[in-house]
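Data block below; observations after.
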Amino acid sequence: MEPIFLEDTRVKCISGLGRLDVHEYLNLVADVYKDNGGISGQRAPLKTKTGINIRKRMIDDIQKGAILPPIVIGAVVPKSIFRQAMSCSSNDEFTELVRSIDRQSLSIIDGMQRTTALDSALKDAPSGGHCNSIRIDLWLAESIDSLVYRMLVLNTGQVPWDIKRQLETIYKQVLIEIEKHVPSIDVFNIDEKERRSAAGQYRSTRVVELFLAFTSRKPHIEIKEKVAEDFARMEATEATANENVLPAFIETMKLLAELDHAFSKTATLSEYIDSNTRFKEGRDIFTSAPASIGFSAAAAQHLLGKPGYPFEFANLDKKLETLKENIKHIVRKIDSATQKDEFIDYLTLNQKISARSGRIGEYERELFFRAFEHMFSNAEGLESLTPCWFAYK
């Protein structure tokens, strides 16, 4: 018999089409997303009258035995699973393969509404009615960047799903890797209600924004706009086509967390705090979206070159080491400063932030982008961060 899986030689992924018992599939998905509020929590139910009618029709069709298009699932797997998949030649072997994959590594690439409809249909008819199985298109990769690239390409043009929620799901593997390799980071998913209360805590949607700023190499990414969504996704796709970009972003997140923890040890003097004071303590700096996005964009330009030009990978390792040393210089200076608040210079930072009344978000992102750009270039010689806050005139 012919192998079930085909190889995507472009990004070293493999894809196999098989069939799963519908109850087993839903249990598989429920386990994957149990921390995110269940199946329906991943994508808001359709609320328009037309959408609701279509969904009701889909549920009714499922109960009558309709065949749905394959649901596309992706996972990063070890070499042993990869080899096992390449030798699959029957649906029984396909099912055993799926059972052997770590469920926390799975992501649904395409099929959230079909999954929700299946769940609803089986709740109405627990026996399953005529719906006993579902076709699964399983994408497997040995490295995260290969799978993320393939996910982005497969999701291109799917606009209705909010891009933050979509990218959180697509980049779930990246978020898992960040938490695994950066112990100082705690990532809250999109549906969790926790608020940042300490350094190193970031919402998953913020990390996605940082990735988009990193891959675009500029601080001005307004992903709410349709054109910006397309460009952001295109730039992210181009970036993930190279295996060096995601590791560089993860290293950047390590450095952001390191600086965040150093900042969190400082606070401005109480005599200078009033109701208009934006930054009262160090933790407030990276609580600010413009600051974290400015850091990510400045790091990307330092490592990968200016936007609009091809990514520069030749000296990436050397540039990354330089960036790490520069951050260490700043952290050491904060730790050794007698007056930590004076080294940060909250007075100047707050004055610069309050200087503009129009286009505030754009101004703040540019201010922090220029500040971190200056910091990365002059870390060793800085006696305080005052020159950084003055870098954007």
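The values are calculated or read from the model by the stated rules, or taken from the named source; none is laboratory data. The structure displayed is predicted, hence computed values, not measured ones. Don't worry about glycine lacking a Cβ; one is built from the backbone with ideal geometry, like all the others, and counts go over all protein chains shown. Heavy atoms of the whole protein, side chains included, go into the accessibility calculation; ligands, DNA and RNA do not. Shrake-Rupley method; radii C 1.70, N 1.55, O 1.52, S 1.80 Å.
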- Examine region 360-377 for a residue that is surrounded by fewer than 19 Cβ atoms within 10 Å (Cβ to Cβ) and outside any helix (DSSP H, G or I), and state whether such a residue exists. no
- Please work out which one of (1) over 24 Å from N378 (Cβ atoms); (2) more than 30 Å from the chain's Cα centre (by Cα) is the condition D335 fails and give its number. (1)
- Note on the structure: Among K319, K333, the single one that is touching a helix residue (DSSP H, G or I) at 6+ places or on another chain (Cβ under 6 Å), surrounded by 12 or more Cβ atoms within 10 Å (Cβ to Cβ), of a type in the set (D, E, K, R) and part of a helix (DSSP H, G or I) is K319
- Query: How many of the residues in region 285-314 are at pLDDT 90 or above and surrounded by fewer than 13 Cβ atoms within 10 Å (Cβ to Cβ)?
  - Reply: 1
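The rows are residues; the columns are (1) open to solvent by 50 Å² or more (accessible area, probe 1.4 Å); (2) farther than 28 Å from V174 by Cα; (3) outside any loop (DSSP other than H, G, I, E, B); (4) at pLDDT 85 or above.
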residue	(1), (2), (3), (4)
L26	no, no, yes, yes
P45	yes, no, no, no
R114	no, no, yes, no
D119	no, no, yes, no
- Inside region 170-215, can you point out the residues that are small (G, A, S) and either outside any helix (DSSP H, G or I) or at pLDDT 85 or above (or both)? S184, S197, A198, A199, G200, A213
- Note on the structure: Of the residues in region 2-21, those that are open to solvent by less than 100 Å² (accessible area, probe 1.4 Å) and within 20 Å of R99 (Cα to Cα) number 11
- Query: Which of the residues belonging to region 378-393 are in contact (Cβ under 8 Å) with a residue 12 or more places away in the chain, open to solvent by 40 Å² or more (accessible area, probe 1.4 Å) and not charged (D, E, K, R)?
  - Reply: P387, F390, Y392
- Cβ-Cβ under 8 Å pairs, at least 6 apart or on other chains, region 328-343 side under 14 Å from S264 (Cβ atoms) and in contact (Cβ under 8 Å) with a residue 24 or more places away in the chain, far side part of a helix (DSSP H, G or I) and of a type in the set (F, W, Y): I334/F263; I334/F343
- Task: Might you check whether a residue that is outside any loop (DSSP other than H, G, I, E, B), at pLDDT below 70, under 29 Å from S288 (Cβ atoms) and in contact with an Asp or Glu (Cβ under 7 Å, 6 or more places away or on another chain) occurs anywhere in region 158-165?
- Result: yes
- Message: I'd like to verify a number: residues in region 223-240 that are at pLDDT 60 or above and either aromatic (F, W, Y) or open to solvent by 50 Å² or more (accessible area, probe 1.4 Å) (or both), how many?
- Response: 1
- Query: If the Cβ limit is 7 Å and pairs must be 6+ apart or interchain, which residue in region 69-83 that is open to solvent by 70 Å² or more (accessible area, probe 1.4 Å) pairs with which residue that is in a loop (DSSP other than H, G, I, E, B)?
  - Reply: K79/E142
